Amino acid sequence: MKRIQTLIACWMILLAAQSANAQQNGWEFSVGGGVAGEYVYIGSDDYYVAPLPSFKASYTHENVNYSLSLLDGLGVTYMNPGWGLMMDVNLNAGSYRDPDEYNVVGVPVKHSSDTKRLLADTPSLDTPLALTIMLATKTQIGMFGASVAMHPTSVEYQRAGLEDETRTGIMYSALYNLDIPISQRLSLSGLFSLHFMDHTYADTWYTVDQPTSALDMYEAEAGLHSSMIMLEINYQISDRVSLSAVGGSTILMGDAKDSPFTVETVQRQVMVQTLYHF
């Protein structure tokens, strides 16, 4: 199932920190649902809102938390309370861009005429699984961290004579997270992150190596990709039921911003969901 890509990628950081802080041995489960809004691909100006089912199973033993979720994939989080260090390894679905359609909770949907015209004759890109490794440290003023993510991406060309291939791009991120308890039931979390792409990632997602009817040639280089700010409000309705709202804004930067594929530089995402924990 394709996910709400940009927002979930950073929301996983907050979930990892919350899981590491729980420190309760044994199994925990949650089910629920909500709605989320996202662009059809990163840089597009076409926005959609979709239902968002949720299921998560996690197991904690001493300082290690293992989790499996529809939204944040497969993860392992280690927390050393004495040192204030946290390490998280996550495997999840990555980005997706197709010239004909986008994916909403596993259902293909045709692009608008403007987006289809823009992407005509461009390769279909799909990262089935991305591996992210994060290292962070907790301080009295919040959590500081860095991550590296590997994105093996299949490239399927639409034009004859070009052979399909797989490229592995890498994204690097620096982040700052702050949790603010407002009351016994209400809490606020904030995240700021800065993202960098290597040459392979830039070339795969933002280069136009052959001009089309809508796009001129463009060569993207490694460097800044984006910055993101995100806020989550969580309200504990009861001991087992919680309500959360997450909103984020991603600002594309560098060659990601200047690429002909980018129509809208500021990407806004939102997610609201209710969960039952047991």
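The values are calculated or read from the model by the stated rules, or taken from the named source; none is laboratory data. These figures come from a predicted structure and were not determined experimentally. When we count neighbours, we look across all protein chains shown, and the Cβ atoms used for this are built from the backbone with ideal geometry, even at glycine.
Residues that are among the charged types (D, E, K, R) and within 22 Å of the chain's Cα centre (by Cα) were ranked within the stretch 190-220; the one that is surrounded by the fewest Cβ atoms within 10 Å (Cβ to Cβ) is D203.
Which residues, taken from the stretch 243-278, are over 21 Å from Y176 (Cβ atoms), of a type in the set (S, T, Y) and either part of a loop (DSSP other than H, G, I, E, B) or at pLDDT below 95 (or both)? Matches in the stretch 243-278: S259, T262, T265.
Checking the stated criteria, S67 turns out to be touching a strand residue (DSSP E or B) at 6+ places or on another chain (Cβ under 8 Å), at pLDDT 90 or above, within 28 Å of S154 (Cβ to Cβ) and part of a strand (DSSP E or B). Within the stretch 205-242, the set of residues being in contact with a His (Cβ under 8 Å, 6 or more places away or on another chain) and not charged (D, E, K, R) comprises A222, L224, H225, S226, S227, M228, V241, S242. Considering each residue of the stretch 165-184, count those that are more than 17 Å from M228 (Cα to Cα) and either touching a Ser or Thr at 6+ places or on another chain (Cβ under 9 Å) or part of a strand (DSSP E or B) (or both), and give that number. The total comes to 8.
Going by the conditions given, is S187 within 19 Å of the chain's Cα centre (by Cα) and in contact (Cβ under 8 Å) with a residue 24 or more places away in the chain? Here the answer is no, as S187 does not meet what is asked. Residues that are part of a strand (DSSP E or B) and among the small types (G, A, S) were ranked within the stretch 109-141; the one that is nearest to N65 (Cα to Cα) is A136. Residues that are part of a strand (DSSP E or B) and surrounded by 14 or more Cβ atoms within 10 Å (Cβ to Cβ) within the stretch 92-108 comprise N92, Y96, R97, E101, Y102, N103, V104, listed in sequence order. Residues in the stretch 1-44 that are at pLDDT 85 or above and either outside any loop (DSSP other than H, G, I, E, B) or surrounded by fewer than 16 Cβ atoms within 10 Å (Cβ to Cβ) (or both): 14 in all. Taken over the stretch 229-241, residues that are over 14 Å from L188 (Cβ atoms) and assigned to a strand (DSSP E or B) amount to 1. The condition of being at pLDDT 85 or above, within 26 Å of V31 (Cβ to Cβ), out of contact with any Cys (no Cβ under 9 Å at 6 or more places or on another chain) and not β-branched (V, I, T) holds for only one of A93, A120, that being A93.
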